[in-house]
Amino acid sequence: MAPFRIPDLPMAERAAILQANQRYSESFGKKGSLPLPPARRIAILTCMDARLDPAAYAGLQEGDAHVIRNAGGRASDDAIRSLVISYKLLGTQEWYVIHHSNCGMEFFTDSAIRSLLANSLQTAVLGADGFSDVGPGPGSKAGDFINWLTISDQRQSVVDDVRRIREHPLVPARIPIYGFIYQVETGILEEIEEASAVGAAR
């Protein structure tokens, strides 16, 4: 991945968001009467990366699916909590774990982010040798107590996350769990067959 630095932008997004919301609400129509359970009975666990649009790449409309997002699309305790609520109370019947290429979670380790946070709470920059701090301290050692769920092997992480969900005691065997990697370069969803085999309904 080429080094990058987050550009300095004016803090004007609040006004833009409110203007966009005004336009959206004016054509909201009958969406206020959509039922609470997702119409297609699916849940997607995916990454928070801004390049991913699950509605676009999976052909979703409002009301179709639950979409759970976190850094890396990992099967964290909180992601599993959401999936359990999704099936137990709202009836989802199929789950999809979708990681993606060029994921930021591949570019650092738990020890690296802990060290960065201990030095400074300012935004770090990514260079040829990895992330480094450019802002002043102080930092905090609180990051030492977080499992950051970084990724060293993208395909294996999909398998591992599907397996963790499949083996969770609160997840019924009847729900199939599929594993994919979304290619940010092409928009293609690549199924990871080993992951989907692990997640097969029983």
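The values are calculated or read from the model by the stated rules, or taken from the named source; none is laboratory data. As the structure is a prediction and not an experimental result, all values here were calculated from the model. Don't worry about glycine lacking a Cβ; one is built from the backbone with ideal geometry, like all the others, and counts go over all protein chains shown. Please note that ligands, DNA and RNA were not included when accessible areas were found on the heavy atoms of the full protein model with its side chains. Shrake-Rupley method; radii C 1.70, N 1.55, O 1.52, S 1.80 Å.
Short version: ³J(HN,Hα) in whole Hz for each residue of the range 62-69, in order, from phi by Karplus 6.51 cos²θ - 1.76 cosθ + 1.60 (θ = phi - 60°), x for Gly and Pro, what are they?
Result, rounded to whole Hz: 4, x, 7, 8, 8, 10, 10, 10.
Calculate, for the range 49-143, the solvent-accessible area per residue in square angstrom, rolling a 1.4 angstrom probe over the heavy atoms of the protein chains. Don't skip to the end; give the middle numbers.
Values: 4690 Å² over 95 residues.
Result: 49 Å² per residue.
Give me the net charge for the shell around Arg40: Cβ to Cβ below 15 angstrom, other residues only, Lys and Arg +1, Asp and Glu -1. Please list the in-between numbers first.
Details: positive: Arg41; negative: Glu62, Asp64, Glu94.
Its environment carries a net charge of -2.
Gain in length, Leu34 to Ala128, computed as 0.36 nm per residue apart minus the alpha-carbon separation, to one decimal in nm? It would help to have the intermediate numbers written out before the result.
Details: separation 94, 0.36 × 94 = 33.84 nm, distance 4.81 nm.
Full-extension gain reported as 29.0 nm.
Which of the aspartates and glutamates could be linked to Lys31 by a straight reach, that is with a Cα gap under 13 Å, when you skip same-chain ones fewer than 8 residues away?
Lys31 reaches Glu62, Asp64.
Whose amide H sits under 5 Å from the amide H of Tyr178, counting only residues 5 or more places off or on another chain, with H placed in the peptide plane?
Residues meeting the criterion, in which the H sits 1.01 Å from N, are Trp95, Tyr96, Val97.
Taking the full set of protein chains and a 1.4 angstrom probe, give the accessible area of Leu60 in square angstrom, rounded to the nearest 10.
We get 20 Å² for Leu60.
Taking the mean number of other Cβ atoms within 10 Å as a proxy for protection, how do you rank 117-129, 35-47, 77-89, 93-105 from highest to lowest? Could you put the intermediate results ahead of the total?
On the way: 117-129: 14.5, 35-47: 18.6, 77-89: 16.0, 93-105: 21.6.
Per-residue mean Cβ counts within 10 Å order the peptides as 93-105, 35-47, 77-89, 117-129.
So I have (1) 65; (2) 56; (3) 48, and one of them is percent of Cα pairs over 20 Å apart calculated from this model. Which one is it?
Among (1) 65; (2) 56; (3) 48, the one derived from this structure is (1).
5 Å is the cut-off here: which amide hydrogens, built 1.01 Å from N in the peptide plane, fall below it relative to Gly73, excluding neighbours closer than 5 in sequence?
Under 5 Å from the amide H of Gly73: Cys47, Met48.
Quickly work out the Ala197-to-Val84 label distance, labels modelled 7 Å from Cα along the C-beta direction, and quote it in nm with one decimal.
Using points 7 Å along Cα→Cβ, the separation is 3.0 nm.
With a 1.4 Å probe and every protein chain kept in, tell me what percent of the accessible surface of the chain is carbon plus sulfur.
Values: 6730 of 12100 Å².
Whole-percent figure for carbon plus sulfur exposure: 56.
³J(HN,Hα) across the range 99-110 via Karplus (A = 6.51, B = -1.76, C = 1.60, θ = phi - 60°), whole Hz, x for Gly/Pro?
8, 8, 5, 6, 7, x, 6, 8, 9, 7, 10, 4
With a 10 Å cut-off between alpha carbons and a GNM built on the chain, which of Thr186, Thr150, Thr109 moves the most?
Comparing Thr186, Thr150, Thr109 in the GNM, the peak value goes to Thr186.
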